[in-house]
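J.: Below: one structure in structure tokens.
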Amino acid sequence: MRYSALRILKEGLTGNKGWKPVWRDPEPKSEYDVVIIGGGGHGLATAYYLAKEYGITNVAVLEKGWIGSGNVGRNTTIIRSNYLLPGNEPFYELSLKLWEGLEQDFNYNAMISQRSILNLLHSDGQRDAFIRRGNAMFLAGADAEYADADQLRAELPFLDFDNARFPIKGGLYQRRGGTVRHDAVAWGFARGADSRGVDIIQNCEVTGFDIEGGVCRGVETSRGPIRARKVAMCVAGSSSRVAAQAGMRLPIESHVLQAFVTEGLKPVLPGVITFGAGHFYVSQSDKGGLVFGGDLDGYNSYAQRGNLPVVEDVAEGGMAIMPMIGRARLLRSWGGVMDMSMDGSPFIDRTHIAGLYFNGGWCYGGFKATPASGWCYAHLLARDAPHPVATEMRLDRFARGHMIDEKGMGNQPNLH
Amino acid sequence: MIINHPLLGPRDAAEFVYLGDAALIDRPDWQAKDAAEQFHAYGYLRDNPAGTHQELWYHEQGDRSWLVVTRDTLTHEITDVQIARDVARSRGRSA
Amino acid sequence: MTQINRLGGGLVNQGQTLSFTFNGKQMQGHPGDTLASALLANGQLLVGRSFKYHRPRGIFTAGSEEPNALVHLRSGAHQEPNTRATVAELFDGLTATSQNHRGSLEFDLMATTDLLAPFLSAGFYYKTFMWPRAFWEKLYEPAIRMSAGLGRLSMQEDPDTYDKGYLHCDLLVIGAGPAGLGAALAAARSGARVILADEDFAPGGRLNAETLEIDGMAGRDWAAATIAELAAMDNVRLMTRTTVYGAYDHGTYGALERCTDHLANSGGKPRQILWRIYSKRAVLAAGATERPIAFGNNDRPGIMLAGAVRTYVNRYGVTPGQRMAVFTNNDDGWRTAADLAAKGVEVCAIIDTRDAPAVCDVPGARHIRNAGVVNTVGRKALRAITLTDGQVIPCDGLAVSGGWNPNVHLTCHQRGRPEWNESISAFVPAGDLPPGMAVAGAANGALTLGAALEQGRNVANAQIEDLGFTPSRDTPPRAEDEPHTGAPVWHIAASTKRAWLDLQNDVTVKDVKQSYREGFRSVEHMKRYTTLGMATDQGKTANIPALAIMAECTGKTIPETGTTMFRPPYTPVPLGALAGRARGREFRPYRLTPSHEWAKANGATFVEVGNWLRAQWFVRPGEKGWRDSVDREALQTRQTVGICDVTTLGKIDVQGRDAAAFLNKIYANGFAKLAVGRVRYGIMLREDGICYDDGTTARMSENHYVMTTTTANAVLVYRRMEFARQCLWPDMDVHLISTTDGWAQFAVAGPNSRKLLQKVVDPDHDLSNEGFPFMACGEVTVCGGTPARLFRISFSGEMAFEIAVPARYGNAMMGVLMEAGREFNAVPYGTEALGVMRIEKGHAAGNELDGRTTAYNLGLGRMVSSAKDCIGNTLSRRPEMNLPDAVKLVGFRPVDRTKKLIAGAHFISEGKEATMANDEGWISSVAYSPTLGHSIGLGFIKSGDTRIGEVVRAVSPVHKTEMRVEIVSPHFIDPEGERLRG
């Protein structure tokens, strides 16, 4: 069913009774060409691009719960491609370009809003680093803009310019950055994949792998065994648990990241703003809530919830840069489990087991990567070679000494 | 969270800094034949269990002890706290 | 306007009148009123507009679950958006305005959206607004954003202050209704330390709203007596106006106390206090929330939950209408009718969905059995209701009772899932509670008074017995259980009109059905697709009815269909309160250097360096810009002598028989053979082989070393050294202590540094080049016996010393050094000149040690010993960290010397396109060298050490500029190091 204003008009006049399920609810078949484990944003995007770009449609996406229940369902909705390193920046720029055409591509309005992202800076050293990064973005074909404090004061008068512990000295904009209605991304990809024949199977948990002689031939699931020529893990947040079933140890720790939303407010923030001297980033949703977050809680956790010190730390960061939000109220906080990798960058790679592939380690940056992750993972699955923009996202990069460490924090995941 | 420090009693976890898996105590022998592989595994690979996890916390806002805390990563329940130095010795580390 | 709906009685003090305004209209109320009860008293039924359709809305509840009656409270910088009128205490002079309308509240231009409702059903926006693409951001989205949102921020800095506090107790009791009071009383009498917190300003919970009796007294009187007893006990802390908003790990609860929100003016006191409560045990006695029944046009002003009607009538002495009807599926609704009638309000009809006899006698009311309301009439105020049999009953108020849902929210904050209780048709807490928590009373499904009282007491006793207290043997309070049977009815199927579930977000039964039709059948999908339960009330009155309707669609039971996850906070918490005092300049503490006062008195401009505030430069008369000052400071230092406070560098005292062996593990270069009285420069690697810090360590005596680290890494280096000491080499005899704050340290640099110091250091110490050569160190005394440490080290490249004195002498020492330097024209210099001189000398600093560079990149590869075990050396040998074309630290200067280098520019070979594939490196630090008279820079470029003399492009597309630069040695000044040894 193609969506359009006309369709809405027609359905509206007939009691909205003609709408069809956005995706089917099929029974799993016994065998597929590709089984994707994980019905999150990345898994669904992978299925979509496998079908659309490579014509591979005999594909199942197996989801333990409901699709989109992982981090695509609980993030702070930001898209951007403001990375420094060659291992990352071209990949995220591809992702941003895919976002830019996504809605027309899958005929679903995910409310992609290029409202801009601004990284505030507070010291000369930080400015040097941001200029370096902005220039790297340009070299990769992205956009960046340096704004000095006077420009920011004119554009964002509500920031604290006069009484700040860490004065705002400028900022790096990416005007093409912005926000997306996150759930709609999962649903849009699901709808696009489903309409091309992909089976999206919810409430189907993978409980083991069928591996013989170093070759993966399928998976065991809560709904029976399913054979597959290729099995693609795509379960960021649960990567270590799933990979352990294939006997793999990963360069990943699971950490909790909290996120927050305020009550709805009339528009106050033009785009995404990040604080460079504390842990705080914020945007405003179309519904009016300020959506914000900060640092990881910092300890290994699968509990999907955090604790008060970080809640307060994040609020302090918010009040430090925009003291006009003091009377806005925190409505809801939640915690998501992050695949924190050892250098803060992800993996899209084969594994040492033939037929078994791995996509994970997205840290807290997976949402913006969703289209490119699907695009590049589909490429890897279809061609058995890494996509050109994902060549560094390999599992063996630590053994080789080729880290992609944007923050320069080394092999301590909670610092990325 | 509250960490029951073996010397100081219950302290708020905010006083501590977290490092990670207590396997970081088991630093490999630099002269082993496969030292490169061992250090790679030591530095980069983690069990990352969903459940009981032995982990290193540092009482930075306190007595500067490193502690080995046994904590469930699903519930955050803490079942044991030991001085890391004692653990290190019990695992055969010396000078 | 007069208080046409005021009945009298209740807990308001009608002897005193308070004035307030709503949308500019003057009104009156009394102490004890909420804004909602006062608005009702004044006959103001229309209070706000809904989120999506801008439907007229009134007051729906009498508590914090309110979905409709949200207002802007106060004005100017004090304006609070989205404030629930139902919990805002009335004070004299209160001003409130309604939200979310264009034009007046009565004639909202946006109300036209309601006419378009058929086209604005669940998720309509996912299916359109896509063409043309550019229109989303320019047209559709701004329109949606303007019509969405609710209240407005003032956009001014929050003028109030907020505090934080920490409390400890044996038992935290959450909620001071009958169960909570019973629990607190039992625990308190046993001697346990008890905190009793309640969100209301008048503790008592439903006892204040009902006409029930305890021990033969009016419930509210029993509550008052119990509270008085608790208040008199030393082991009890009573916290009213305090919402326990979250249950966190290990018995920690977050609570918000509203201290001055009920006053016209905070009078300089904190507006609110954010408490962190550490409890050994907790009893959740949070009560229950009444749920509505969905029927056509059930959202009109005048339609209210039946329990809320009783609250207004009994507690506030206010009736929501003059001619009331009651619609119920259970016995509880009958009490509303009875209480209204007892106050003399006309009750025209009691419509019961059950085919059952009257629960009680209500004078004047028709009892209509086995019936339901299908529709209502009246746009801005209810005028009549239509029943299933078609009869129309005129009325101006309708009380709706669909049964009660236990407030299980806090039981779910650690991901516990409630379980379905068939007998009350509601979710009740299951076994997976947060550790230490027990639940009592209505929150636990004990919905009647007698049961709640008893359960509160029993649960508290069990909790404190667990802690070793002996429960008291007093006579427990007793009350009768009121009639409470009911049959679940979630919506009136005969209704053809829209029937609201989520009043605030305008989600109707049809939306849930459409959600089902489109495959959004998991509760989470339904919630996200329809936005049900995502408004400021988090669906407290909407979630369960919606779940029931989804269950009807799927043919499953309600528990099979699922529950939603409750997340903190229970009710919204202002960000100002969460931040507390940590805002503005108090966001983080300032660390001041020992010579801060001297610097302030001598024209210093300060700069934030981490948490430190350091002198950046010292302005002298006639200087027009910062460059004038910095150039002067650097030149004068190189020409004669300069002094800089370098206390911020980390200082770590290392002592013990194994100190040398330990340092040999910590530093990548050798430290085993450092002689007493000597200093060595060292680099530290992380275990992953990256060079992350550098500095010097001085051997003061056989087993005593003094280490310096960079300012930025002082804490980290210390932490990692403690890790190495305690966890990796636990038997080494070595001890560490951070002495950064203990010693004030000054760099004295320049050709006259020795002469200057000879005037300060007591004469028995030999500072000659022979007696105290480059890289010497020693304990000395200054100014006639003051202990000091002297190091002959140099960051500037000049002959230089660093002298340390106990921190308390730091400010005086700065004065002494400057005074002694007067004859040499000594100059104080700040961080800028320090930076200029280190770049001139080619020293790496924070911009170079960015956590990704190796010793090999820095040109220090040979320092990494392979003949010993040290942190990081094994992994530093990984192949791709040692590629021949790796970037190397070198110097750069513009080919056109008049140009300014740009830090952050990238290098592209001449003739190549500026792309990432051709990117060869970057400029990390730049400075104007006053010595050389042009811009200089340090940076990393592929194979840089072999390309000295080559010219490359330094491109900075961010500045839309590029220039040609020459690769040079990083040592711009004195490459042979003759000056520092002189």
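The values are calculated or read from the model by the stated rules, or taken from the named source; none is laboratory data. Please read these numbers as outputs of a predicted model, since none were measured by experiment. FYI the Cβ positions are ideal-geometry reconstructions off the backbone, even for glycines, and counts take in every protein chain you see. Remember, those area values only see protein heavy atoms, side chains included, never the ligands or the DNA or RNA. Shrake-Rupley method; radii C 1.70, N 1.55, O 1.52, S 1.80 Å.
J.: Please work out if C:E552 is outside any loop (DSSP other than H, G, I, E, B), out of contact with any strand residue (DSSP E or B) (no Cβ under 8 Å at 6 or more places or on another chain), at pLDDT below 95 and open to solvent by 10 Å² or more (accessible area, probe 1.4 Å).
T.: Against the criterion (outside any loop (DSSP other than H, G, I, E, B), out of contact with any strand residue (DSSP E or B) (no Cβ under 8 Å at 6 or more places or on another chain), at pLDDT below 95 and open to solvent by 10 Å² or more (accessible area, probe 1.4 Å)), C:E552 does not qualify.
J.: Also, I was wondering about something else. I'd like to check which strands (runs of 3 or more DSSP E) are fully inside the range C:68-179 and have at least 1 residues that are within 12 Å of another protein chain (Cβ to nearest Cβ) and polar (S, T, N, Q).
T.: C:80-84
J.: Based on this model, can you work out whether C:N769 counts as in the same structural domain as C:L674 (by TED's automatic domain parsing) and open to solvent by 30 Å² or more (accessible area, probe 1.4 Å)?
T.: Here the answer is no, as C:N769 does not meet what is asked.
J.: What's the total number of residues in the range C:51-76 that are open to solvent by 20 Å² or more (accessible area, probe 1.4 Å) and over 16 Å from C:N23 (Cα atoms)?
T.: Qualifying residue count for the region: 4.
Listed here are the residues, each with its yes/no results for (1) of a type outside the set (S, T, Y); (2) within 10 Å of chain C (Cβ to nearest Cβ).
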{"position": "A:S113", "(1), (2)": "no, yes"}
{"position": "A:S123", "(1), (2)": "no, yes"}
{"position": "A:D128", "(1), (2)": "yes, yes"}
{"position": "A:I131", "(1), (2)": "yes, yes"}
{"position": "A:L139", "(1), (2)": "yes, yes"}
{"position": "A:A144", "(1), (2)": "yes, yes"}
{"position": "A:A147", "(1), (2)": "yes, no"}
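J.: Shifting gears a bit: Please determine whether any residue of the range A:227-234 is within 14 Å of another protein chain (Cβ to nearest Cβ) and either basic (K, R) or out of contact with any helix residue (DSSP H, G or I) (no Cβ under 7 Å at 6 or more places or on another chain) (or both).
T.: No: zero hits.
J.: I'd like to check which strands (runs of 3 or more DSSP E) are fully inside the range C:664-717 and have at least 3 residues that are more than 17 Å from C:R862 (Cα to Cα) and within 38 Å of the chain's Cα centre (by Cα).
T.: Here the list reads C:704-709.
J.: Let me ask something additional. What number goes with the only condition from (1) part of a loop (DSSP other than H, G, I, E, B); (2) more than 9 Å from chain C (Cβ to nearest Cβ); (3) open to solvent by 10 Å² or more (accessible area, probe 1.4 Å) that A:G39 does not pass?
T.: Condition not satisfied by A:G39: (3).
J.: Something else now. Take A:D343 and decide whether it is open to solvent by less than 10 Å² (accessible area, probe 1.4 Å), touching a residue at least 12 places away in the same chain (Cβ under 8 Å), of a type in the set (D, E, K, R) and more than 7 Å from chain C (Cβ to nearest Cβ).
T.: For A:D343, the condition - open to solvent by less than 10 Å² (accessible area, probe 1.4 Å), touching a residue at least 12 places away in the same chain (Cβ under 8 Å), of a type in the set (D, E, K, R) and more than 7 Å from chain C (Cβ to nearest Cβ) - is met.
J.: Quick one: C:D511 ticks every box in (1) without any contact (Cβ under 8 Å) to a residue 12 or more places away in the chain; (2) of a type in the set (D, E, K, R); (3) buried (at least 24 other Cβ atoms within 10 Å of the Cβ) except a single one, so which number is it?
T.: Looking at each condition in turn, C:D511 falls short on (1).
J.: Scan (1) open to solvent by 10 Å² or more (accessible area, probe 1.4 Å); (2) more than 10 Å from every other protein chain (Cβ to nearest Cβ); (3) part of a loop (DSSP other than H, G, I, E, B); (4) closer than 21 Å to C:H409 by Cβ for the single condition C:L532 breaks and write down its number.
T.: All conditions are met except number (1).
J.: Specify which of the listed residues (A:N16, A:N58) is of a type outside the set (S, T, Y), surrounded by fewer than 24 Cβ atoms within 10 Å (Cβ to Cβ), more than 30 Å from A:A259 (Cα to Cα) and in contact (Cβ under 8 Å) with a residue 40 or more places away in the chain.
T.: Every option except A:N58 fails the conditions.
J.: Next question, about the same structure. Could you list all residues from the range B:57-76 that are over 14 Å from B:E15 (Cβ atoms) and facing another protein chain (nearest Cβ under 7 Å)?
T.: Residues satisfying the conditions are B:T73, B:L74, B:T75, B:H76.
J.: Restricting the range C:476-499 to residues that are out of contact with any helix residue (DSSP H, G or I) (no Cβ under 8 Å at 6 or more places or on another chain) and of a type outside the set (G, A, S), which is farthest from C:R206 (Cα to Cα)?
T.: C:T496
J.: Might you check whether a residue that is on the phi > 0 side of the Ramachandran plot, open to solvent by less than 40 Å² (accessible area, probe 1.4 Å) and more than 14 Å from chain B (Cβ to nearest Cβ) occurs anywhere in the range C:725-747?
T.: No.
J.: If you check every pair at least six apart or on different chains, which have Cβ atoms under 7 Å apart with a residue in the range C:949-961 that is among the acidic types (D, E) first and a residue that is surrounded by 12 or more Cβ atoms within 10 Å (Cβ to Cβ) second?
T.: Taking only residues 6 or more apart or on different chains, the pairs are C:E950/C:I967.
J.: Look at C:L547 and say whether it is more than 7 Å from every other protein chain (Cβ to nearest Cβ), without any contact (Cβ under 8 Å) to a residue 60 or more places away in the chain and open to solvent by 40 Å² or more (accessible area, probe 1.4 Å).
T.: Taking the combined requirement at face value, the residue does not satisfy it.
J.: Scanning for something in contact with a helix residue (DSSP H, G or I) (Cβ under 6 Å, 6 or more places away or on another chain) and closer than 27 Å to B:I2 by Cα, does the range C:216-227 turn up at least one residue?
T.: Within the range C:216-227, not a single residue is in contact with a helix residue (DSSP H, G or I) (Cβ under 6 Å, 6 or more places away or on another chain) and closer than 27 Å to B:I2 by Cα.
J.: Then there is this: Under the condition of being at the interface with chain C (Cβ under 7 Å from one of its Cβ atoms) and free of Cβ contacts under 8 Å to residues at least 40 places away in the same chain, which residue from the range A:297-314 is farthest from B:T70 (Cα to Cα)?
T.: Here the answer is A:E312.
J.: Go through (1) within 30 Å of the chain's Cα centre (by Cα); (2) surrounded by fewer than 24 Cβ atoms within 10 Å (Cβ to Cβ); (3) within 30 Å of A:W187 (Cβ to Cβ) and name the single condition C:F129 misses.
T.: Tallying (1) within 30 Å of the chain's Cα centre (by Cα); (2) surrounded by fewer than 24 Cβ atoms within 10 Å (Cβ to Cβ); (3) within 30 Å of A:W187 (Cβ to Cβ), C:F129 fails exactly one: (1).
J.: Please indicate, with yes or no, whether at least one residue in the range C:896-908 is open to solvent by 60 Å² or more (accessible area, probe 1.4 Å) and touching a Phe, Trp or Tyr at 6+ places or on another chain (Cβ under 8 Å).
T.: Yes.
J.: Just one of C:G8, C:G29, C:G93 is touching a residue at least 12 places away in the same chain (Cβ under 8 Å) and surrounded by 17 or more Cβ atoms within 10 Å (Cβ to Cβ); which is it?
T.: The match here is C:G29.
J.: Hey, another quick one. Hey, does the range C:872-880 have a residue that's among the charged types (D, E, K, R), open to solvent by 30 Å² or more (accessible area, probe 1.4 Å) and free of Cβ contacts under 8 Å to residues at least 60 places away in the same chain?
T.: Checked against the condition, which is being among the charged types (D, E, K, R), open to solvent by 30 Å² or more (accessible area, probe 1.4 Å) and free of Cβ contacts under 8 Å to residues at least 60 places away in the same chain, the range C:872-880 yields at least one hit.
J.: Looking only at the range B:79-95, count how many residues are at pLDDT 95 or above and open to solvent by 40 Å² or more (accessible area, probe 1.4 Å).
T.: Residues meeting the conditions: 10.
J.: Is it true that A:W99 is over 28 Å from C:T831 (Cβ atoms), crowded, with 20+ Cβ neighbours inside 10 Å and within 9 Å of chain C (Cβ to nearest Cβ)?
T.: The answer is no for A:W99.
J.: Output the residues belonging to the range A:231-254 that are in contact with an Asp or Glu (Cβ under 7 Å, 6 or more places away or on another chain) and within 20 Å of A:C376 (Cα to Cα).
T.: The answer is A:A236, A:G237, A:S239.
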